[in-house]
Ligand SMILES: [Zn+2]
């Protein structure tokens, strides 16, 4: 089980592979793998807080 974060709304969910559309915002967006692979955040199946980004301070070009 991997943890994925929606680049659009920041929703995080567990799945083997990311879906075509976000289950939260229903948009077709990219998903970042935020799965934890180190014991410090609980190991596989957990979210790595360093990878998961909050929506605050989101920088977008344009
Ligand atoms: Zn989303």
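The values are calculated or read from the model by the stated rules, or taken from the named source; none is laboratory data. Not measured: the values here are computed from a predicted model. In this analysis, Cβ positions are derived from the backbone assuming ideal geometry, glycine residues included, and neighbour counts consider all displayed protein chains.
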From the options 56, 60, 26, residue that is modelled with pLDDT of 95 or more and exposed (fewer than 11 other Cβ atoms within 10 Å of the Cβ): 26
Cross-chain or 6+ apart pairs with Cβ under 8 Å, the range 6-20 first and within 19 Å of residue 44 (Cα to Cα) and without any contact (Cβ under 8 Å) to a residue 24 or more places away in the chain, then more than 12 Å from the ligand (Cβ to nearest atom) and in a loop (DSSP other than H, G, I, E, B): 15/1; 16/1
Count - residues of the range 1-53 that are part of a loop (DSSP other than H, G, I, E, B) and either away from the ligand (no atom under 14 Å from the Cβ) or at positive phi (or both): 17
